[in-house]
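What follows is a single structure, written as structure tokens, with notes after it.
The values are calculated or read from the model by the stated rules, or taken from the named source; none is laboratory data. Given the structure is predicted, the values throughout are model-derived calculations rather than measurements. We place every Cβ from the backbone using ideal geometry, glycine too, and count neighbours over all the protein chains shown. For accessibility, only protein heavy atoms count, side chains too; no ligands or nucleic acids. Shrake-Rupley method; radii C 1.70, N 1.55, O 1.52, S 1.80 Å.
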Amino acid sequence: MSNSNKQTGSISEKAGISPPEITNISAINQIKNKRRQQPTSQELINGILEGNRTSLSRAITLIESTNPDHFEKAGEVVQGCLTHANKSIRIGITGVPGVGKSTFIEAFGKHLTQLGKKVAVLAVDPSSSLSHGSILGDKTRMEELVKDENAFIRPSASGETLGGVARKTRETIILCEAAGFDTIIIETVGVGQSETAVHSMVDFFLLLKISGAGDELQGIKRGIMEMADAIVINKSDGDNIKKANQAKLEFNRALHLFPPKKSNWQPKVTTCSSLTKDGIPDVWNTISEYFELTKETGFFDEKRNEQNHFWMMETINEQLKQNFYNQPEIISLLEESKKAVQNNEISSFAAASSLLKLYFNKGAKAQSDKGSK
């Protein structure tokens, strides 16, 4: 039988249309080169003010960069956005790992966008102390909110800063506000001293708790409780509703033992389920009551002013530290001092004094040389 008379099966491959050959190499190279080009500070500012997500993301990446060459440009972008900021409410959300922060934020964020709010979520992901890497999986966990056109989610690695939030997060808030987001949510790492750092940059501090895991007693810690403006017992659904209500009573009793807040606000305890969405509107109602009270009394603006002063001082401390460790002479002497301290040839205090003396003498000499010109 000839080949022309062979019967083909139903699953045999049929001849298709061959894809066209790539001939316009020049156009491809132009696209690649354009992607490599870095926008100017003003282009980033213009894009942010227009609500362009790409410009906002690139500017945040610039702020988070540890490359010294990027510091000046990042500062220009922040300064250009500053006059368009401070038009949002800032909410910090914390809780131990496993309390359901991401699930709660997605349910809460969706509720806000349905009310017409524009929500930016700054999720701080813990960095490994060994590899220094982070999973940055918050967008995956908030799969519904990430598709919402009125929401913007930015996961960031905590790095080595206090609780993973410092100048970078503070400046990212400014950019998000300039881009038109009226509600900024900051999710903390949930361990260590992250709560302190977040509390210093938000208007409202929300503490998430769960019941039925020894959390009622373990959670009554004076420091974190005093910072909280509201406590939300999460995962109040199914068989856990009774336990959640019991936990609510326990925390309410504990809150009344603390002295009154400077804001004259009495922290409230509510329950909610991030899965069924029960109680989510009550959380927002509580936050709205807080803002109404603090804006009437003037505490809202007073707190913002105090935070601005605090972060000015923190930035000075950070810049001094960076400048100290980037000096070539300091780097060289530091290595020698480390070995001497480890070998018990010199005390750690004497070594530190020598390093600081070199640093300050170098600074004084630079000022003297500048004055003689």
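Would segment 117-125 turn up any residue that is under 13 Å from the mean Cα position of the chain (by Cα), at pLDDT below 80 and more than 19 Å from Asp229 (Cβ to Cβ)? Scanning segment 117-125 turns up at least one residue that is under 13 Å from the mean Cα position of the chain (by Cα), at pLDDT below 80 and more than 19 Å from Asp229 (Cβ to Cβ). No other residue among Ile231, Ile280 is at pLDDT 95 or above, open to solvent by less than 30 Å² (accessible area, probe 1.4 Å) and among the β-branched types (Val, Ile, Thr) apart from Ile280.
Please work out which residue is modelled with the lowest pLDDT, limiting yourself to segment 58-77 and to residues that are closer than 15 Å to Leu122 by Cβ and buried (at least 16 other Cβ atoms within 10 Å of the Cβ). Reasoning before the result, please.
Our first condition is that a residue be closer than 15 Å to Leu122 by Cβ; within segment 58-77, this holds for 59-61, 63-64.
If we keep only those that are buried (at least 16 other Cβ atoms within 10 Å of the Cβ) too, we end up with 59-60, 63-64.
Numbers: Ala59: 94, Ile60: 93, Ile63: 89, Glu64: 84.
Restricting to residues being closer than 15 Å to Leu122 by Cβ and buried (at least 16 other Cβ atoms within 10 Å of the Cβ), the top hit is Glu64.
Contact annotation: residue pairs with Cβ atoms under 7 Å, 6 or more positions apart or on different chains, pairing a residue in segment 248-277 that is at positive phi with a partner that is crowded, with 21+ Cβ neighbours inside 10 Å and at pLDDT 90 or above, are Lys277/Ala107.
A single member of Thr54, Thr103, Thr113, Thr61 is part of a helix (DSSP H, G or I) and touching a strand residue (DSSP E or B) at 6+ places or on another chain (Cβ under 9 Å), and it is Thr113.
Go through segment 295-340 residue by residue and tally those that are over 25 Å from Pro68 (Cα atoms) and open to solvent by less than 50 Å² (accessible area, probe 1.4 Å). The number of residues fulfilling the criteria is 8.
Looking at (1) exposed (fewer than 15 other Cβ atoms within 10 Å of the Cβ); (2) in a helix (DSSP H, G or I); (3) modelled with pLDDT under 90; (4) more than 24 Å from the chain's Cα centre (by Cα), which is the one condition that is false for Glu216? Going through (1) exposed (fewer than 15 other Cβ atoms within 10 Å of the Cβ); (2) in a helix (DSSP H, G or I); (3) modelled with pLDDT under 90; (4) more than 24 Å from the chain's Cα centre (by Cα) one by one, Glu216 breaks only (1).
Looking at Leu136, Leu175, which one is modelled with pLDDT under 90, outside any strand (DSSP E or B) and within 25 Å of Ala74 (Cα to Cα)? Talk me through it step by step, then tell me what you get.
Values: Leu175 fails: modelled with pLDDT under 90.
Checking each option against the conditions leaves just Leu136.
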